[in-house]
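Inspection log for the structure reproduced underneath, given as structure tokens.
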Amino acid sequence: MKAVADGEDPGKIILGLNEEVMIEELGVALPAKLDTGAQSASLSARQIRTFKRDGQDWVSFDLWVVPEQREKIGLEQDQWRTLELPLSKHVRIKRRAENQIDGAPGYSRRPVVELTLCVRDRARRVDVNLTDRSDFRFPLLVGSEALVSLGALVDPAQSMSGGAPSCSKEETVGLAAEETE
């Protein structure tokens, strides 16, 4: 990833419907579904709990990836078990029609964390909500907000076309510094 001056277009990249995405803060690469119909990004998590640390809101969770997939992608227990990150905010997400109960609100409240997602050679810091995605094939869903940030176009005829993520730590550190300016 190269630094881009304000207003300069780094160019669009074409990605497939599914891609491998590195989550820098967790040190894991996960298979993800790229979904232009979803607004936000979602990460599969269980045992989600918010708490206070030094007066700040934090969230604790277990990254939920099915055991067979954990072995396949080489996840160690410390990479998926009892993770803690600062809480960015909460969001309301509309529930799917088949998950709504008569008389119940049509929304769920989810905690959001900021994560650096790396696809191909592009890293961007995006909001990611935490929810149980165990009923889905991919533990990470990358929605339209993150896709716009990445400058990505999605070709549903392709899958895993981006290859392994290749963002360097130096670029990710530089990205974090640029965002705080």
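The values are calculated or read from the model by the stated rules, or taken from the named source; none is laboratory data. Note that the coordinates shown come from a computational prediction; the quantities given were computed from them, not determined experimentally. Here the Cβ is made from the backbone with ideal geometry for all residues, glycine too, and neighbour counts use every protein chain on show. For accessibility, only protein heavy atoms count, side chains too; no ligands or nucleic acids. Shrake-Rupley method; radii C 1.70, N 1.55, O 1.52, S 1.80 Å.
Within the stretch 76-108, the set of residues being outside any strand (DSSP E or B) and modelled with pLDDT of 80 or more comprises 80, 81, 82, 87, 88.
Of 59, 21, all but one fail to be closer than 30 Å to residue 157 by Cβ and either assigned to a strand (DSSP E or B) or modelled with pLDDT under 85 (or both); the exception is 21.
Checked against the criteria, residue 112 counts as open to solvent by less than 40 Å² (accessible area, probe 1.4 Å) and either modelled with pLDDT under 85 or out of contact with any helix residue (DSSP H, G or I) (no Cβ under 6 Å at 6 or more places or on another chain) (or both).
Pairs are defined by a Cβ separation below 6 Å, a sequence spacing of at least 6 or placement on different chains, a first member in the stretch 31-55 that is without any contact (Cβ under 8 Å) to a residue 12 or more places away in the chain, and a second member that is surrounded by fewer than 19 Cβ atoms within 10 Å (Cβ to Cβ); the pairs so defined are 51/58. Is it the case that the stretch 137-154 has a residue that's open to solvent by 30 Å² or more (accessible area, probe 1.4 Å), of a type in the set (Phe, Trp, Tyr) and not in a strand (DSSP E or B)? Scanning the stretch 137-154 turns up no residue that is open to solvent by 30 Å² or more (accessible area, probe 1.4 Å), of a type in the set (Phe, Trp, Tyr) and not in a strand (DSSP E or B).
Residues checked against (1) touching a helix residue (DSSP H, G or I) at 6+ places or on another chain (Cβ under 7 Å); (2) open to solvent by 20 Å² or more (accessible area, probe 1.4 Å):
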position	(1), (2)
37	no, yes
42	no, no
62	yes, yes
69	no, yes
78	no, yes
82	no, yes
85	no, yes
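With respect to the conditions (1) crowded, with 19+ Cβ neighbours inside 10 Å; (2) without any contact (Cβ under 8 Å) to a residue 60 or more places away in the chain, residue 19 falls short on a single one, namely (2).
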